[in-house]
Amino acid sequence: MTIMLGTYLRGRERASNRSGRAVAVAWWLALVGCSSEPIATRASPPPSTTAAVSASASRVYGATWDRAATSGDEADLARLALAEGATGLLDALDDPAHRAVALAALAHAPDRDLAIGPLALRLARGEADAPAVADALLGVLAVPGLDRERLDPTGEHDAARALLSLARDTSRPAALRSKAVSALGRLAERGVVRPQDIPSPPPE
């Protein structure tokens, strides 16, 4: 009788253990099922930026770009600027094959004010074609913009800070500093910088 009772109790214990494990598994599956995110998604590493870089590198430039680059005509540059806008032209500045025509077209973009900050920051960094970047910036600033909406006031103030730093940096080429001073003068016309804060052009 004692043996039979012991066997019965051990059987009950094993059944209880199996039941406990089944409950634990069911609870875990229910918890996973309630999650708003699949397990594979939660466990996967952050997406790589390689896809974005590849998309930028594979950008297709159409006939409008080819025509503007070949002719250099202001009308063709204006058509390109109208088609791409300032943002599309700025994106092309990282493509060496299309950088020059993008710089030349920026002054024709209806939303060219969006390029003021990015161009000034590139100029302050001292990129290889800094004189061309400076000319593009001066072209964008040629129209005071007093009769138009200010598209990027923050970018204009960022530009003023970058240009003031460049204009005061005696280690930079005098011709480049002079262009920075000219750009600051045009920003002063917009009320972005005080004329008295602009340094005098360096002797060349």
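The values are calculated or read from the model by the stated rules, or taken from the named source; none is laboratory data. Predicted model, so just to flag it, every value in this text is computed and none were measured. Every residue, glycine among them, receives a Cβ derived from its backbone with ideal geometry; neighbour counts consider all protein chains shown.
Looking at this structure, is Leu163 buried (at least 16 other Cβ atoms within 10 Å of the Cβ) and outside any loop (DSSP other than H, G, I, E, B)? Yes, satisfied. Exactly one residue among Ala51, Ala55, Ala30 is at pLDDT below 50, closer than 22 Å to Pro118 by Cβ, in a helix (DSSP H, G or I) and not acidic (Asp, Glu), and that residue is Ala55. Residue pairs whose Cβ atoms lie under 6 Å apart, separated by 6 or more positions or on different chains, with the first residue in the range 104-127 and free of Cβ contacts under 8 Å to residues at least 60 places away in the same chain and more than 25 Å from Asp169 (Cα to Cα) and the second of a type in the set (Val, Ile, Thr) and in a helix (DSSP H, G or I), are Leu106/Val140; Ala107/Val140; Arg112/Val140.
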